[in-house]
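First up is the structure itself, then whatever we jot down about it.
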Amino acid sequence: MKKRYIVIILFLGIFYSVSAALRKQPVEYVNPLVGTDSKFELSNGNTYPAIAMPWGMNFWTPQTGRMGEGWTYTYSSDKIRGFKQTHQPSPWINDYGQFSLMPITGKPVFDQDARASWFNHKSEISKPYYYRAYLSDYDVVTEIVPTERAAMFRFTFPESESSYVVIDAFDNGSYVKVIPAENKIIGYTTRNSGGVPDNFRNYFVIVFDKPFSYKAVVGGNEIRKNELEVKENHAGAIIGFATKNGETVKVRVASSFISFDQAELNLQELGNLSFEQLQAKGKKRWNEVLSKVEIESDNEDRLCTFYSCLYRSVLFPRMFHEIDAKGNVVHYSPHNGKILPGYMFTDTGFWDTFRCLLPFINLVYPSVGAQMQEGFLNSYLESGFFPEWASPGHRDCMVGNNSASVVADAYVKGNIKQNAEKMYEGLLHGANNQHPTVPSSGRMGYKEYNELGYVPSDIGQSAARTLEYAYNDWCIYQMGKKLGRPASELDIYKKRSQNYKNLFYAPYRLMSGKDRNGNFPQHFDPVEWWGPFTEGNSWHYSWSVFHDMRGLINLMGGDKNFVAMLDSVFTTPPVFGANTNTRQSLIHEMREMQVIDMGQYAHGNQPIQHMIYLYNYAGQPWKTQYWVREVMNRLYQPTPDGYCGDEDNGQTSAWYVMSALGFYSVCPGTDEYVLGAPLFRNAKIHLENGKTIEISAPLNSDENRYISDVRYNGKKYDKNYLNHSLLIKGAKIRFDMDSQPNYKRGTEPDSFPYSFSDKEK
């Protein structure tokens, strides 16, 4: 009998070893094409395949769209115009510092439409660290492997006396120089979409491993054979050579926002490594980052969805800094045009990412988060304001003063190690000023807000601004309190944090705009889009009281009424309101709400994404558990149409990542994450301090979506939230799941998450 047990044990050991060996590495579950099946009218992500390193300065992508189009790559396209270095955070913000390479055969052609080649997804390979496409018109295979600031291309050509590579530096001012003796091309592009000083340039260097037998520059779409230098509105170059069948030509590429010399330094990121070695190095780096969150599941699609979302969560904000010849971190300032020391991060909209993307980074990647905070501080020091929407400098987009949330959350979580007082100074300045040329930085309407307690309706998107400013004031209050600032100062922001109450329209139990005389509108329609709201309506924005849900509950008439209002979000038809001028203001977010068949719940846009977690504040956490699972199952897939709206710089992805783990950052600036319900039976978060958060739900299934019990480090746990300060010490959290709700767990006030009115009023 003993021998039999030994055999069984050995068999199981071998089985699990084989299973572990067969299990894919995290990066192999990532599909960079998720979200690319999008268009202006309807977004399924509005993403492009970002071939890049985590938070890398430069991304690469195949370019199917025309020069200057925000939709640089769309899954439904069938032609590639080039392989573009891109810094685009979204199609709405568009790109800057872009240029492209395109291999062709036959005759030299520059025009972007004439050189475009058919391709097919069946011969396309897209991974974060590697991309391949077959250009059928030219019988050429293009491959790319990236580093943070450089890349290597490998072109496999057919037998041809006329093989070429087109370099397109794009329009709006560019320069190209061919240096045949070094098999090199240098140049710069100035093309941008705003947010840069007049001296903005992206300098590039391109080095081939094969001499040029043909060389030309291009200016104004005119190919100038044997000329080597051009500076025009739209500059480019074409170099050529004879190739044998299957011959590979390798191209080393790097760029810099500082200088040609710095671009040459950035090229050294490639070292002397081969294409295969760079590919392996990139794969290793991605696995290092993605494996910080370890998921176990027998559902391949869910693993792909999770790690594809995690991949998107670690792309932005991107590095905008470089390493000089002495090894120092330096950056070109997108605010004043100077070369300055220190970190700089960009391409993020805090209106989106304050909600959970940056809190997630603070938890899982705090060292990177600390660098980001240093970069945000540098933005303040160089421009007088923290960024609200950066690409690469301040951009006029969206509302709110959510840098207060981003900074305060990082400080509360211990990710601001120095200069905290200076950063707090920046928050105070932003709360009481507006950027002179970029209205979305600082606070539009701050004078009226400070005087009246709300932004009046003659200032655009007034209710959205008021609600976000009130939360932002609470964030300033929290950071100031932790810094030990005087009560006379703190009381100002403590009081202003309650300004949300000034917009509560009692007959409807919802938020509304108000005129300067304190009057609500005569004809209020809670489903009407725009007006006092930003990309939404009252049903979406009325929950934006992140810091004081108890205060909102009291306004709505208590827990029962509050829950009824939450329920109504899903039962109210997905209409836009009779007064919404859909001819002028119908945006894709409206259609995305309409087509998902979840009433007024509009997960494709950020203001309401936290709403389903609010049942935890009113004693019915099982409804959160139901809806979290419903959203994850219905609205996220590992496919080109896998999102239900804009991915938005990692926010919509991070929502899924955190929710799948079982919790969410409803109120950044607190020490708490609000419980949902985990998607997987086992998950581990490997923290940078060496500790591990282990999350287990052994009975988890599609049917068992409800929490019957929670054990925290072996002890029964009745709270509807988890504390960051405890999690980072390491934790073992066990969820007992059931097909039926537990109507007793988490129903008492002691279990509810933080609310200002409960804790600090």
### Query
Hey, does region 215-235 have a residue that's assigned to a strand (DSSP E or B), in contact with a Phe, Trp or Tyr (Cβ under 6 Å, 6 or more places away or on another chain) and over 23 Å from ASP113 (Cβ atoms)?
yes
### Task
Evaluate region 200-211: report whether one residue or more is within 28 Å of SER379 (Cα to Cα) and part of a loop (DSSP other than H, G, I, E, B).
yes
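Suppose the filter is of a type in the set (Val, Ile, Thr) and within 29 Å of VAL289 (Cα to Cα); does ILE144 pass it?
Numbers: of a type in the set (Val, Ile, Thr): yes; within 29 Å of VAL289 (Cα to Cα): yes.
Against the criterion (of a type in the set (Val, Ile, Thr) and within 29 Å of VAL289 (Cα to Cα)), ILE144 qualifies.
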## Note on the structure
Over region 390-399, the set of residues over 15 Å from MET372 (Cβ atoms) and either touching a Lys or Arg at 6+ places or on another chain (Cβ under 7 Å) or among the hydrophobic types (A, V, I, L, M, F, W, C) (or both) is CYS397, MET398, VAL399
### Query
Which residue pairs have Cβ atoms under 6 Å apart, sit 6 or more places apart or on different chains, and have a first residue in region 655-683 that is at positive phi and touching a residue at least 24 places away in the same chain (Cβ under 8 Å) and a second that is among the charged types (D, E, K, R) and outside any loop (DSSP other than H, G, I, E, B)?
GLY669/ASP409
### Message
Suppose the filter is farther than 30 Å from VAL34 by Cα, of a type in the set (Phe, Trp, Tyr) and not in a loop (DSSP other than H, G, I, E, B); does TYR164 pass it?
### Response
yes
### Summary
Residue pairs within 8 Å by beta carbon, gap of at least six or interchain, first lying in region 204-226 and at positive phi, second charged (D, E, K, R) and modelled with pLDDT of 95 or more, listed first then second, are GLY220/GLU232; ASN221/ASP111; ASN226/LYS215
### Summary
Of the residues in region 74-125, those that are of a type in the set (A, V, I, L, M), in a loop (DSSP other than H, G, I, E, B) and in contact (Cβ under 8 Å) with a residue 24 or more places away in the chain come to ILE93, VAL109, ALA116
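Can you work out which of the residues in region 526-576 that are among the charged types (D, E, K, R) and at pLDDT 95 or above is nearest to GLN478 (Cα to Cα)? Even if it seems obvious, please write down each step before you answer.
First, the residues of region 526-576 that are among the charged types (D, E, K, R): 528, 535, 548, 550, 559-560, 567.
Then keep just the ones that are at pLDDT 95 or above; that gives 548, 550, 559-560, 567.
Values: ASP548: 13, ARG550: 17, ASP559: 26, LYS560: 30, ASP567: 31 Å.
Top of the filtered list is ASP548.
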### Task
Being touching a strand residue (DSSP E or B) at 6+ places or on another chain (Cβ under 8 Å) and not aromatic (Phe, Trp, Tyr) narrows it down to one of GLY645, GLY676, GLY690, so name that one.
GLY676
### Task
Scan region 475-504 and report the pairs whose first residue is in contact (Cβ under 8 Å) with a residue 24 or more places away in the chain and over 19 Å from SER665 (Cβ atoms) and whose second residue is part of a loop (DSSP other than H, G, I, E, B) and among the aromatic types (Phe, Trp, Tyr), with Cβ atoms within less than 7 Å and a gap of 6+ or a chain change.
ASN499/TYR454; ASN502/TYR454; LEU503/TYR454
### Task
Could you tell me which numbered condition ALA181 fails, if it satisfies all but one of (1) under 25 Å from GLU322 (Cβ atoms); (2) out of contact with any helix residue (DSSP H, G or I) (no Cβ under 6 Å at 6 or more places or on another chain)?
(1)
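Conditions tested, residue by residue: (1) touching a residue at least 60 places away in the same chain (Cβ under 8 Å); (2) outside any helix (DSSP H, G or I).
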residue: LEU381; (1), (2): no, no
residue: PHE386; (1), (2): no, yes
residue: TYR411; (1), (2): yes, no
residue: ASN415; (1), (2): no, yes
### Task
Select, from GLY246, GLY240, GLY195, the only residue that is surrounded by 20 or more Cβ atoms within 10 Å (Cβ to Cβ), at positive phi, in contact (Cβ under 8 Å) with a residue 40 or more places away in the chain and not charged (D, E, K, R).
GLY195
### Task
Go through the residues of region 279-301 one by one and say whether even a single one is small (Gly, Ala, Ser) and over 30 Å from ILE612 (Cα atoms).
yes
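Going by what's in this entry, would SER542 be described as in contact (Cβ under 8 Å) with a residue 24 or more places away in the chain, buried (at least 23 other Cβ atoms within 10 Å of the Cβ), within 25 Å of the chain's Cα centre (by Cα) and within 22 Å of LEU452 (Cβ to Cβ)? Don't jump to the end; show me each part of the working.
Values: in contact (Cβ under 8 Å) with a residue 24 or more places away in the chain: yes; buried (at least 23 other Cβ atoms within 10 Å of the Cβ): yes; within 25 Å of the chain's Cα centre (by Cα): yes; within 22 Å of LEU452 (Cβ to Cβ): yes.
Spelling it out, SER542 is indeed in contact (Cβ under 8 Å) with a residue 24 or more places away in the chain, buried (at least 23 other Cβ atoms within 10 Å of the Cβ), within 25 Å of the chain's Cα centre (by Cα) and within 22 Å of LEU452 (Cβ to Cβ).
If I filter region 536-571 down to residues being touching a His at 6+ places or on another chain (Cβ under 9 Å) and hydrophobic (A, V, I, L, M, F, W, C), which single residue comes out as nearest to GLY513 (Cα to Cα)? Please lay out each step first, then the result.
Kept after step one, since they are touching a His at 6+ places or on another chain (Cβ under 9 Å), are these residues of region 536-571: 543-544, 546, 569.
Cutting the leftovers down to hydrophobic (A, V, I, L, M, F, W, C) gives us 543, 546, 569.
Working: TRP543: 15, PHE546: 19, VAL569: 20 Å.
Result: TRP543.
From the list ARG443, ARG465, which residue is charged (D, E, K, R) and in contact (Cβ under 8 Å) with a residue 60 or more places away in the chain? Give the steps one after another, and end with the answer.
On the way: ARG443 fails: in contact (Cβ under 8 Å) with a residue 60 or more places away in the chain.
Among ARG443, ARG465, only ARG465 is charged (D, E, K, R) and in contact (Cβ under 8 Å) with a residue 60 or more places away in the chain.
Residue-wise test of (1) under 16 Å from the mean Cα position of the chain (by Cα); (2) buried (at least 24 other Cβ atoms within 10 Å of the Cβ).
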| site | (1), (2) |
| --- | --- |
| SER308 | yes, yes |
| TYR311 | yes, yes |
| ARG318 | yes, yes |
| ASP324 | no, no |
| SER333 | no, no |
| GLY342 | no, no |
| THR346 | yes, yes |
| PRO366 | no, no |
| GLY393 | no, yes |
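The values are calculated or read from the model by the stated rules, or taken from the named source; none is laboratory data. A quick note: this is a predicted structure, and the numbers were derived from the prediction, not measured. Note: ideal-geometry Cβ built from the backbone for every residue, glycine included; neighbour counts use all protein chains shown.
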